[in-house]
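Quick notes on the structure that follows.
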Amino acid sequence: MGYNLAMRVWRGDADGGGLQDFTVPVEDGEVVLDAIHRLQATQAGDLAVRWNCKAGKCGSCSAEVNGRPKLMCMTRLSDFDPAETLTVTPLRTFPVIRDLVTDVSYNYEKARELPAFAPGPPDADGKRRMMQEDVERGQEFRKCIECFLCQNTCHVIRDHDENKPAFAGPRFFLRYAELDMHPLDTHDRRDLAQDAAGLGMCNITKCCTEVCPEGIKITDNAIIPMKERVIDRKYDPLVWLGSKIRRRTDHRSEV
Amino acid sequence: MAEFERHSYDVVVIGAGGAGLRAAIAAHEAGARTAVVCKSLLGKAHTVMAEGGAAAAMGNLWPEDNWKVHFRDTMRGGKMLNNWRMAQLHAQEAPDRVLELETWGALFDRTPDGLISQRDFGGHRYARLAHVGDRTGLEMIRTLQQRTVALGIDVYMECTVTELLKDGDKISGAFGYWRDSGRFLVFEAPAVVLATGGIGKSYQVTSNSWEYTGDGHALAMRAGASLINMEFVQFHPTGMVWPLSVRGLLVTESVRGDGGILKNSEGKRFMFDYIPEFFKAETADTVEEADGWYDDKKNNRRPPELLPRDEVARAINSEIKAGRGTPHGGVYLDIASRRSPEYIKRRLPSMYHQFKELAGVDITKEQMEIGPTCHYVMGGVEVDPDSGMSIVDGLFAAGEVSGGMHGSNRLGGNSLSDLLVFGRRCGDGAAEYATSVAASRPTVDEASVDAAAEAALAPFAESGEENPYTVQRDLQETMQSLVGIIRREGELVQSLEQLAEMRKRLPHLSVEGNRQYNPGWHLALDLRNMLVVSECIASAALERTESRGGHTREDHPGASDEWGKINLVLTLGDSGEVQLKHQPLPQMPGELTELIDIQV
């Protein structure tokens, strides 16, 4: 049944701001984003918020709800006590533009630094063959909706802007791992991941995995295997050489 | 003359969904200096929500499949109102466009032979949709996004174009604003590609995101281009109905493609009662045959749940109206009793997640409640099929914003392939056109720039009482209740009267706050576009006195042969009024006509 929800929403811009109190009527089955939209339509027409699909598929409406990184469209009000005041603040790791909207351009810069997928030639009939079990590892990582909650929660950069130039963050470790495990990619990305992307700065506290709304096992399935492969490469050149040779003849045996 | 930020390109693409990104890649590769301008962050466009797959007759599972069968299915699905040339190009080129995505890093689901897997969908003779579980759109947009970034194409994110600029009869650029700062900017470019998607936000119950305000449709009209097929709006048969918060949210057709069936409150599998004459010969009329089809397509006909979307949506609507609906006003979609939990979770992971998280329903154990939701507009900018250019020199359109490809009804899966095929053609066409006018490049008219800036700022100057959110809600109510899935003359007349009233309210829209990331202001500007496309839909719907595809007139049931030869063409008059004329459908050559009636 409907009730009046007490909310505190951060409002302001790069020059500063603070929490503002609102009371907004909400209905059964609604999510935090519904409450924010109702605030916009009835009490604060210029309340800035990013959103698109409202279905957990685009990763636009990331914010912190009671201090926890969440997609507002997937956070149901029924998960909270109706008597509780809900606090909604912008992602802390990125500079505020206005209200709940932050400048996430850091992520787009990191994306540009990453060498693109580089496949070999297709089969004689113009098609490419890969086995389902070989694409599934990459498919898990490609579920990523780029909500940047993992980036936001990662303590390497959360309160450490100084680490940002040298650190790509979990979202892009995921991408390195995806390309590294891609059956058709011909690059070796381990040095890049380690040196340019700062994989070594991650000390696998798994915070990123915990906040991923897609349930991707970022640490276990992407970061740790990447770290292991970097170590192979660094300490055993023969392993590296062997893997390169094998890759050309039978890419399926690559791990 | 005010000083604004300026950028000069050969080709400016508006919109960064599948069509826009594919167009930008093509234009860039053709050597044009290219920019993409989009309202959201890169990678968030509506394509991301597409679930089922991209239709392409690759023949990976059914060697019998080829472009001719795909062409036939597309034309029949569109009830023969499609632009035949677009349908032909689409069917012929879709396989190459899908394979190309793989070269750029896409990871589609595989067949046992290691090829791209293909799934069944409504209206398609063979399993034809290349897919990744039920998140194909995400895979497609991410692939195109990563390709765009790799090529170093300039992307203007969170930037809205409010006006196209012209030099005489030719396009010369575009005017817009940065959403974060509200600052204006001018693009100088001889070629502009519209790839802005659809119009669904004019309806209350829709699967579309806030971006779908018909920007490209309206920009094209204001620049002198024409729209066709606007009366045809696709209501997807299966949207969520409960909780209210997610009403309209898409439930992919793959649920039915993978074995799901529709039932009414009496538990009856009702689609067998709604097989139209047009599709009788290719639709199963017994449960046994329908269920046998999934594994044996040679000896069984397609289940009626997989009729084209217009047919299924009307059937659901009729069941609900007859009082056989669910408690929340839908019907049941059941896959739990038909497939194993493992199969459902593997094939439909997002649907499993979506119902679990948002409705507390486990689709491996329970039925879903679903109902029709506004999903897609078949109508759009009238374009040359081969190059994608509109009747205005230098203005191109690709994807949902263009018209003709899908006729009166689009088949599921034909949208993602449409984006790729015509996105590329438009990018090529725009680059070629830009080269052809390079010697005498059209210039931006400064008076138009100043006028555009003034128009954009009007809502701040106005201290009137009109709240943009309220006007939007009223517009959605009008379109939902009077220009919805079933239409009647009286209601359409009434809708046009109400829309005319809203037109008078627009100048009095007023917004609070400043220009910095101000959604109220953004909506006030988008409303202008939503209103004009709504007027187009209602006018064309009133004019077309027959029922066909995504246009059902209760007072004119059945399709008429006369109307089957006519496109309704919409343009804007000098004072901004919607004008409508009849135009004969392009004549299909004989060798293609022969393909239509072949029983395959």
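The values are calculated or read from the model by the stated rules, or taken from the named source; none is laboratory data. Owing to the predicted nature of the structure, the values given are computational and were not obtained by experimental measurement. Don't worry about glycine lacking a Cβ; one is built from the backbone with ideal geometry, like all the others, and counts go over all protein chains shown.
Computed values, structure above
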{"read-out": "Residue under evaluation A:ASP134, criteria (1) assigned to a helix (DSSP H, G or I); (2) under 20 Å from A:THR209 (Cβ atoms); (3) touching a residue at least 60 places away in the same chain (Cβ under 8 Å), criterion not met", "value": "(2)"}
{"read-out": "Residue check for B:ASP273: more than 30 Å from A:ASP34 (Cα to Cα) and crowded, with 20+ Cβ neighbours inside 10 Å", "value": "no"}
{"read-out": "The one condition in (1) closer than 27 Å to B:HIS131 by Cα; (2) touching a residue at least 40 places away in the same chain (Cβ under 8 Å); (3) more than 9 Å from every other protein chain (Cβ to nearest Cβ) that A:ASP123 fails to fulfil", "value": "(2)"}
{"read-out": "Checking B:ASP561 against (1) closer than 30 Å to B:ASN66 by Cβ; (2) of a type outside the set (S, T, N, Q); (3) not in a loop (DSSP other than H, G, I, E, B), the condition it does not meet", "value": "(3)"}
{"read-out": "Residue identified as of a type in the set (Gly, Ala, Ser) and modelled with pLDDT under 95 among B:GLY573, B:GLY590, B:GLY520", "value": "B:GLY590"}
{"read-out": "Residue ID - farthest from the other protein chains (Cβ to nearest Cβ), chosen from residues in the range A:104-120 that are surrounded by 15 or more Cβ atoms within 10 Å (Cβ to Cβ) and under 16 Å from B:SER40 (Cβ atoms)", "value": "A:ASN107"}
{"read-out": "Pair list, Cβ under 9 Å, 6 or more apart: the range B:513-535 residue touching a residue at least 40 places away in the same chain (Cβ under 8 Å) and within 9 Å of chain A (Cβ to nearest Cβ), other residue surrounded by fewer than 23 Cβ atoms within 10 Å (Cβ to Cβ) and basic (Lys, Arg)", "value": "B:TRP521/B:ARG515"}
{"read-out": "Residue in the range B:100-112 that is hydrophobic (A, V, I, L, M, F, W, C) and out of contact with any helix residue (DSSP H, G or I) (no Cβ under 8 Å at 6 or more places or on another chain) present", "value": "no"}
{"read-out": "Test: residue in the range B:507-521 that is outside the structural domain of B:GLY380 (by TED's automatic domain parsing), within 21 Å of B:LEU227 (Cβ to Cβ) and either of a type in the set (D, E, K, R) or within 21 Å of the chain's Cα centre (by Cα) (or both)", "value": "no"}
{"read-out": "Verdict on B:GLU489 being over 20 Å from B:TYR177 (Cβ atoms), in contact with a helix residue (DSSP H, G or I) (Cβ under 8 Å, 6 or more places away or on another chain), more than 14 Å from chain A (Cβ to nearest Cβ) and not hydrophobic (A, V, I, L, M, F, W, C)", "value": "yes"}
{"read-out": "Restricting the range B:391-402 to residues that are more than 10 Å from the chain's Cα centre (by Cα) and crowded, with 24+ Cβ neighbours inside 10 Å, the residue that is nearest to B:GLY168 (Cα to Cα)", "value": "B:GLY394"}
{"read-out": "Failed criterion for A:MET74 (all others in (1) aliphatic (A, V, I, L, M); (2) more than 11 Å from chain B (Cβ to nearest Cβ); (3) under 19 Å from A:CYS212 (Cα atoms) hold)", "value": "(2)"}
{"read-out": "Residue check for B:SER254: in contact with a helix residue (DSSP H, G or I) (Cβ under 9 Å, 6 or more places away or on another chain), crowded, with 24+ Cβ neighbours inside 10 Å, in the same structural domain as B:SER402 (by TED's automatic domain parsing) and closer than 30 Å to B:SER117 by Cα", "value": "no"}
